[in-house]
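Asks: First the structure, then my questions, so here it is.
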Amino acid sequence: MSEAAENLSVAELQQMLKKQQSRMNQLQKRRERLIEQIQEIDTEIAEISGGGETGNVRFRNSQSLEEVICDVLAKNKKGLGLAELTAAVEKTGYQSGSNNFKNVVYQNVYKSEHVTRDDKTGKYVLA
């Protein structure tokens, strides 16, 4: 503890702590607003550029990619090709910062126990 702090009363220390906590709360709220603004800008950049990398902000989706893929395939019983599946997943509003989202979808269906590829049609269906 510094000499200045040793000479302060408990009430004065509590007052200092309260000010610091208030300042921290203000900064956290400001940070959250800035993150929202960055995400909006990244979305706009992605729309203008046709996708692609949008920066270092990680999107938070309500469902995992595998869950979204399974939901999409459940609605398309005959199955979908990789390009169709990727487009359908994007239509659900799922967001990714990947430069090659089609490859991310492929990796997900490849490792998924819930999705299989129909060799006759070349389409992905639920297992």
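The values are calculated or read from the model by the stated rules, or taken from the named source; none is laboratory data. Since we're looking at a predicted model, the values are computed, not measured. Neighbour counts are summed over all protein chains in view; Cβ atoms, including those assigned to glycine, are modelled from backbone coordinates with ideal geometry.
Asks: Anything in segment 71-127 that is farther than 30 Å from E44 by Cα and of a type in the set (A, V, I, L, M)? List them, or say none.
Replies: Scanning segment 71-127 gives A74, V115, V125, L126, A127.
Asks: Oh, and also: Of the numbered conditions (1) in contact with a helix residue (DSSP H, G or I) (Cβ under 7 Å, 6 or more places away or on another chain); (2) closer than 30 Å to I38 by Cβ, E67 satisfies every one except a single condition; which is it?
Replies: Condition not satisfied by E67: (1).
Asks: If you check E113 against the conditions, is it modelled with pLDDT under 95 and farther than 22 Å from F59 by Cβ?
Replies: It is true that E113 is modelled with pLDDT under 95 and farther than 22 Å from F59 by Cβ.
Asks: Another question, if that's okay. Against the condition at pLDDT below 85 and either more than 16 Å from A127 (Cβ to Cβ) or out of contact with any Ser or Thr (no Cβ under 9 Å at 6 or more places or on another chain) (or both), how does N56 come out, does it pass? Full working, then the answer.
Replies: On the way: at pLDDT below 85: yes; either more than 16 Å from A127 (Cβ to Cβ) or out of contact with any Ser or Thr (no Cβ under 9 Å at 6 or more places or on another chain) (or both): yes.
In short, yes.
Asks: Name the pairs: first residue in segment 37-50 and under 18 Å from N100 (Cα atoms), second residue modelled with pLDDT under 85 and of a type in the set (A, V, I, L, M, F, W, C), Cβ to Cβ under 7 Å, at least 6 apart or on different chains?
Replies: Hits for this filter: D42/V57.
Asks: Let me ask something additional. What are the residue pairs meeting all of these: first residue in segment 62-79, first residue in contact (Cβ under 8 Å) with a residue 12 or more places away in the chain, second residue acidic (D, E) and surrounded by fewer than 13 Cβ atoms within 10 Å (Cβ to Cβ), Cβ atoms under 6 Å, and 6 or more apart or on different chains?
Replies: So the pair list comes out as G79/D118.
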